[in-house]
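Structure, as structure tokens:
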Amino acid sequence: MPPSIPTRGGSLRRAILVLSLLAVAGAVYGFFYLGSFLVAEDPLQPADAIFVLSGSGMSRPLEGADLYLAGQAPRIVLSRDQQPRGMPGLAERGILFITGAARVHGVFLQLGIPNEAIVIPARIHRNTAEEAVTLREMAADQRWNRVIVVSSAYHLRRAAFAFRRELRGTDVQILMRRTRYEDFEPDQWWRRRRDIRAVVEELPRLVAYVMGLGA
């Protein structure tokens, strides 16, 4: 009896099986690596300024304060975000409620950071892209060469993309720094609900930025 000849269909099925197994393995690896992927932190170097992104209460400003007090830069910039809802109503009633950059400014003074080292831009930022525009303008005006940008761990990759896209063509180096005052666990992000929420909300925003849809 002549030896059997493998059919083309059998080879195709084996190739599909191998590719399917590789795809599953890649998906599993990608799932576990998602948290670490988002934490795109750079090694620290002395800089001209520390730029603290708005949001996350005091966790980002505290990291910026630590960097300043450690001598990493001679000035610290506090990004301004929009006022919380209801603030105009309090103002109409004569109630002074300090929030945002103004509150952080007071905390910095208590930490021993001199007033002349604290910079609060006049522009109010609605998103990271607008913060990147402000940094580009300030860096050009002040002739900064290197800036440390402080944000939350899960937000670093998107923020890095926004800032480096905005400063493309300049000589300004951006160093991304995560705050140590948030307990996001990138290697085990699927174990806690708040970490899952952070990753699930961040991924589509990152995709939108890469595709040029994020603002």
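Key figures for this structure:
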| item | result |
| --- | --- |
| Relative packing of peptides 122-131, 203-212 - highest average C-beta neighbours within 10 Å first | 122-131, 203-212 |
| Ranked by how many other beta carbons lie within 10 Å on average, peptides 148-154, 53-59 from highest | 148-154, 53-59 |
| Cα-based shape type of the range 107-158, given that a ≥ b ≥ c are square roots of the gyration tensor eigenvalues and the cut on a/c is 1.5 | oblate |
| Extension reserve of the Arg126-Val210 stretch, reckoned as 0.36 nm per residue once the Cα distance is removed | 28.4 nm |
| Prolate/oblate/rounded call for the range 155-215, Cα gyration tensor, a/c under 1.5 rounded | oblate |
| Long-range HN-HN contacts of Val77 with modeled amide H, under 5 Å | Ile50, Phe51, Val52, Val119 |
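No lab work stands behind these numbers, since they all come straight from the coordinates. From a predicted model like this one, the values you see are computed outputs, not experimental measurements. Virtual Cβ from ideal backbone geometry, glycine too; neighbours counted across all protein chains shown.
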